[in-house]
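Undergrad: Can you read through this structure? Questions will come right after.
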Amino acid sequence: MNPFLAKILVDVARKKLKKAHPKKTLTKKEIMPLVQRLQVELTHTIGEYFFIIIGVFSAGFGLKGFLLPNSFIDGGATGISLLLENTTSLNLGVLLILVNIPFIILASKTISLKFALRSIGAIAFLAFVVHYVDYPTITEDKLLIAIFGGFFLGLGIGMSMRGRSVIDGTEVLAIFLSRKLSVTVGDVLLMTNIVIFSFGAYILSVETALYAILTYLAAAKTVDFVVDGVEEYVGLTIISVKHDDIKLMLTKQLGRACTVYKGKGGYGKEGESAEKDIIYTVITRLELPKVKTEIDKIDRKAFLIMGIVKEIKGGMIKKKPFKD
């Protein structure tokens, strides 16, 4: 670690501990665990914001380099903004913020306030990029516009999700409705986009709407490639010597249920007979980066096994918002 950064983290950790225990004389041994947790959190946060920045510039390229110059539209909140941009005098950057505000308010109630603030920041940054950054018009071929415009837009959405934010708020609405109704996130997104494309056919032309469907499919497949699908859950198995701390973090700090298995080590320094708890929990893709960050704070050597869970029934994951 950079010595200057290390000194800042030590000072921050000392102030935090001093605030919690004002009369206690702190030792280096007491300070270092918190310093390590702060270092993990800082590293993960920098990585997440890097994903968001790359995602915003990619989405901006898809919009200004392909879709906007050729009056194309996409699905979701971006598609609604593009439709309104074609029918009103408002700038697309302004429309991106206005259209997404209701979804971000919903995100603050269903996911977390931090997620909502990060998302509105990403959307505002996208609006800035669309308004002020000049991208070259790449092609006038409609098929290439639909495919590659959708690809770069989907790449931007996917990278932003990797950074624990969204730049298209309809995913938030889809997650909310999937928790309330017996439908998947994919079903909600499909129905939303059918409505958008129908308006596109009426306001613009049937041909434009058909190309918009192709753009949406390209974007959706790209998002699937980047984040393995917004509607998928992740089954996470955690094996760690600090299993009690990790279990407490999952249940008390993040508000997620977990199942604990009794296991024995089969190989390693601890020997074959060393007993340990094996933790299993199910989370969403949006929650995975946060959980990995918190696990790293506790035990960087924890062994994690992640598997895609296509569908779940029962339990609390669809009912309880994620604590951030």
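Undergrad: Any idea which residue in segment 109-158 is surrounded by the fewest Cβ atoms within 10 Å (Cβ to Cβ), counting only those that are charged (D, E, K, R) and within 23 Å of LYS221 (Cβ to Cβ)?
TA: Per the stated criteria, the residue is ASP141.
Undergrad: Moving on. Being within 30 Å of the chain's Cα centre (by Cα), closer than 22 Å to LYS290 by Cα, surrounded by 16 or more Cβ atoms within 10 Å (Cβ to Cβ) and among the charged types (D, E, K, R), is that true of even one residue in segment 46-55?
TA: Checking segment 46-55: at least one residue is within 30 Å of the chain's Cα centre (by Cα), closer than 22 Å to LYS290 by Cα, surrounded by 16 or more Cβ atoms within 10 Å (Cβ to Cβ) and among the charged types (D, E, K, R).
Undergrad: Quick check, is GLY65 outside the structural domain of PRO289 (by TED's automatic domain parsing), under 19 Å from LEU189 (Cβ atoms), part of a helix (DSSP H, G or I) and in contact (Cβ under 8 Å) with a residue 24 or more places away in the chain?
TA: No.
Undergrad: Are any of the residues in segment 202-212 charged (D, E, K, R) and crowded, with 20+ Cβ neighbours inside 10 Å?
TA: No; the residues of segment 202-212 include none that is charged (D, E, K, R) and crowded, with 20+ Cβ neighbours inside 10 Å.
Undergrad: Further, regarding this structure: Keeping to segment 13-40, report how many residues are exposed (fewer than 15 other Cβ atoms within 10 Å of the Cβ) and either under 21 Å from ILE246 (Cα atoms) or not hydroxyl-bearing (Ser, Thr, Tyr) (or both).
TA: Residues that pass the stated criteria total 15.
Undergrad: Please work out which residue is surrounded by the fewest Cβ atoms within 10 Å (Cβ to Cβ), limiting yourself to segment 162-188 and to residues that are in a loop (DSSP other than H, G, I, E, B) and hydrophobic (A, V, I, L, M, F, W, C).
TA: Restricting to residues being in a loop (DSSP other than H, G, I, E, B) and hydrophobic (A, V, I, L, M, F, W, C), the top hit is LEU181.
Undergrad: Considering segment 93-149 alone, what residues qualify as being part of a helix (DSSP H, G or I) and either outside the structural domain of THR170 (by TED's automatic domain parsing) or aromatic (Phe, Trp, Tyr) (or both)?
TA: PHE103, PHE115, PHE125, PHE128, TYR132, PHE148, listed by residue number.
Undergrad: What are the pairs with Cβ atoms under 8 angstrom where one residue, in segment 92-114, is of a type in the set (Gly, Ala, Ser) and the other, located anywhere, is surrounded by 20 or more Cβ atoms within 10 Å (Cβ to Cβ) and outside any helix (DSSP H, G or I)? Sequence gap at least six, or different chains.
TA: Short answer, once both residue conditions are applied: ALA107/VAL166; ALA107/GLY169.
Undergrad: Okay, moving on. Just to check your reading of the model, which residue among MET191, MET159 is outside the structural domain of THR293 (by TED's automatic domain parsing), touching a Gly at 6+ places or on another chain (Cβ under 7 Å) and in a helix (DSSP H, G or I)?
TA: After applying the criteria, what remains is MET159.
Undergrad: Taking segment 274-288, which residues are touching a Cys at 6+ places or on another chain (Cβ under 8 Å) and buried (at least 19 other Cβ atoms within 10 Å of the Cβ)?
TA: Answer for segment 274-288, where residues must be touching a Cys at 6+ places or on another chain (Cβ under 8 Å) and buried (at least 19 other Cβ atoms within 10 Å of the Cβ): ILE279, THR281.
Undergrad: Filter segment 68-85 for residues that are surrounded by fewer than 24 Cβ atoms within 10 Å (Cβ to Cβ) and assigned to a helix (DSSP H, G or I) and give the result.
TA: Hits for segment 68-85 are LEU68, PRO69, ASN70, LEU83, LEU84, GLU85.
Undergrad: Whether any residue in segment 264-287 is in a helix (DSSP H, G or I) and either more than 24 Å from GLN36 (Cβ to Cβ) or touching a residue at least 60 places away in the same chain (Cβ under 8 Å) (or both) is what I want to check.
TA: There is no residue in segment 264-287 that is in a helix (DSSP H, G or I) and either more than 24 Å from GLN36 (Cβ to Cβ) or touching a residue at least 60 places away in the same chain (Cβ under 8 Å) (or both).
Undergrad: Identify, by number, the condition in (1) assigned by TED's automatic domain parsing to the domain that holds THR137; (2) part of a helix (DSSP H, G or I); (3) of a type in the set (A, V, I, L, M) that LEU90 doesn't meet.
TA: That leaves (2) as the condition not met.
The values are calculated or read from the model by the stated rules, or taken from the named source; none is laboratory data. As the structure is a computational prediction, the values presented were derived from the model and not from experiment. For neighbour counting, all protein chains shown are included, and Cβ atoms are generated from backbone atoms with ideal geometry for every residue, glycine included.
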